[in-house]
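The structure appears below as structure tokens.
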Amino acid sequence: MSVKDAPDTPYRDVGACLVLGAYRREQVPTAFIQMSGDLEFVIEIPRQVWESAPRRVIEMDDSLWFRLALR
């Protein structure tokens, strides 16, 4: 993934990571929606990443850009 620190700075590669995003509800197929209490969410992880992760646990990691890691 590439990010910019400010509008006038160049993009820089921060490597593979998990990020949070938002979509309109009608943009997401119902079959992909998960529920936790009243919270609806979707997790999309590329197949090659998911299959190579031995435990498949999402954790916080302060050393990463978006602080989410698939372990």
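The values are calculated or read from the model by the stated rules, or taken from the named source; none is laboratory data. Please read these numbers as outputs of a predicted model, since none were measured by experiment. Positions of Cβ are generated from backbone atoms using ideal geometry, with glycine treated the same way; all protein chains shown enter the neighbour counts. We work out accessible area using only protein heavy atoms, side chains counted, and drop any ligands, DNA or RNA first. Shrake-Rupley method; radii C 1.70, N 1.55, O 1.52, S 1.80 Å.
If I compute solvent accessible area with a 1.4 Å probe over the protein chains, what percent of it on the chain is carbon and sulfur?
Within the chain, the accessible surface is 53 percent carbon and sulfur.
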Estimated dipole of the chain in Debye, rounded to 20 [Cβ of Lys and Arg +1, of Asp and Glu -1, Cα centre]: 180 debye
Exposed-loop-free span, longest in the chain, where chymotrypsin sites (Phe, Trp or Tyr not before Pro) count as exposed if DSSP calls them loop and at most 15 other C-beta atoms lie within 10 Å: 24-64
The chain - accessible surface per residue (Å², probe 1.4 Å): 88 Å²
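What Kirkwood hydrodynamic radius, in Å, does region 1-41 give when the mean of 1/r is taken over all pairs of distinct Cα atoms and then inverted?
Numbers: mean 1/r = 0.0758 Å⁻¹.
So the Kirkwood estimate lands at 13.2 Å.
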Convex hull per residue volume in Å³, alpha carbons only, for the chain: 145 Å³
